[in-house]
Amino acid sequence: MSALGWIAVIVERHQTFHTIRSAEEALDLLYANWPVVGGTAFVFAMEACAGTATGMVTQGEAESAFFAAALDAKVVVKIA
C-alpha cells in the first residue's frame, strides 16, 4: 500500500505509540485497537481506509476520515 499523501501520525493507545503512514496502517489500528467501535465517524473511517485498496478512495480522503474518527473518539494524535 502506498503511503503517498499521508503524514506520519502518532497515536497513543494503552501506553503504546502507533505510527500511522498509510490507510492500511490506519485500518489496522481502527480494527484492532480503537476505543469507539461504532458511530458515523468510525464507520466512515473504516470504509474510507478500506476503499483505498480498490482505488475508490484517495489516501488523502482516508487520512481526513481517520482524523475525524480520532477527534470523535477523543484519541490524541500528534503529527510528526
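The values are calculated or read from the model by the stated rules, or taken from the named source; none is laboratory data. Please read all numbers here as calculations on a predicted model, not as lab measurements. Cβ coordinates were reconstructed from backbone atoms using ideal geometry, including for glycine residues, and neighbour counts include every protein chain displayed.
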Practice item. Select from the stretch 10-67 the residues that are of a type in the set (D, E, K, R) and under 10 Å from the mean Cα position of the chain (by Cα) and write down the one among them that is surrounded by the most Cβ atoms within 10 Å (Cβ to Cβ). Key: E63
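Give me the residue from the stretch 68-79 that is touching a strand residue (DSSP E or B) at 6+ places or on another chain (Cβ under 7 Å), among the hydrophobic types (A, V, I, L, M, F, W, C) and under 16 Å from R13 (Cβ atoms) and, out of that set, surrounded by the most Cβ atoms within 10 Å (Cβ to Cβ). Reasoning before the result, please.
Residues of the stretch 68-79 that are touching a strand residue (DSSP E or B) at 6+ places or on another chain (Cβ under 7 Å), as a first pass: 70, 75-79.
Right, trim to among the hydrophobic types (A, V, I, L, M, F, W, C) and you get 70, 75-77, 79.
This time we only want the ones that are under 16 Å from R13 (Cβ atoms), so: 70, 75-77.
Values: A70: 24, V75: 18, V76: 9, V77: 15.
Per the criteria, the residue is A70.
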Practice item. Inspect all residues belonging to the stretch 4-13 and state whether any of them is touching a Ser or Thr at 6+ places or on another chain (Cβ under 7 Å), part of a strand (DSSP E or B) and among the β-branched types (V, I, T). Key: yes
Check your understanding: Considering the stretch 21-33 alone, what residues qualify as being within 14 Å of A69 (Cα to Cα) and either at pLDDT below 90 or not in a helix (DSSP H, G or I) (or both)?
Key -> N33
**Study point:** Matching entry among A80, A69, A48, A41 (being closer than 17 Å to R21 by Cβ and in contact with an Asp or Glu (Cβ under 7 Å, 6 or more places away or on another chain))
**Key:** A48
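With respect to V37, is the statement that it is touching a residue at least 40 places away in the same chain (Cβ under 8 Å) and part of a loop (DSSP other than H, G, I, E, B) true?
no
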